[in-house]
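First up is the structure itself, then whatever we jot down about it.
The values are calculated or read from the model by the stated rules, or taken from the named source; none is laboratory data. Bear in mind the structure is a predicted one, so any value in this text is a computation, not a measurement. Positions of Cβ are backbone-derived with ideal geometry, glycine not excepted, and every protein chain shown enters the neighbour counts. To get the accessible areas, we keep the full protein, side chains included, count just its heavy atoms, and leave off ligands, DNA and RNA. Shrake-Rupley method; radii C 1.70, N 1.55, O 1.52, S 1.80 Å.
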Amino acid sequence: MYALISGSLPFDSNSERETKRMTVEEPVVFSERAWLKVSNPCKDLMSKLLMKDPAKRISLATAMNHKFFKGVTTND
């Protein structure tokens, strides 16, 4: 979802070792230009989905009920 919205990966480096370190240690930042027009609810959801601590990371059910998805309709 992060990549679809921004066109980049949340943790990316030329070095595989650095990418792994970033994935485990670095916070999610929304500094790329692509995030300037993204809503705060979307950024909030991304932060909760990419939470480092699995015990603190939101579940799929909680994510699907996030305010980001409120008002979204489907053509079912």
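Overview of results
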{"quantity": "Estimated distance in nm for a label pair at Lys37 and Lys56, the labels positioned 7 Å out from Cα along Cα-to-Cβ", "calculated": "3.2"}
{"quantity": "In Å², nearest 10: area of Ile58 left accessible to a 1.4 Å probe", "calculated": "40"}
{"quantity": "Phe69/Thr19 FRET efficiency (R0 35 Å; Cβ-Cβ; nearest 0.05)", "calculated": "0.75"}
{"quantity": "Translational diffusion coefficient (Stokes-Einstein; Kirkwood radius from C-alpha pairs) of the chain at 25 °C, 0.890 mPa s, in µm²/s", "calculated": "178"}
{"quantity": "Most mobile of Lys37, Lys56, Lys48 in a GNM of the chain (Cα contacts under 10 Å)", "calculated": "Lys37"}
{"quantity": "Candidates Asp12, Asp44, Asp53, ranked by Gaussian network fluctuation over the chain, Cα under 10 Å, top entry", "calculated": "Asp53"}
{"quantity": "Helix-derived mean residue ellipticity, 222 nm - over the chain, DSSP H n ≥ 4, -39500 (n - 2.57), to 500", "calculated": "-10000 deg cm²/dmol"}
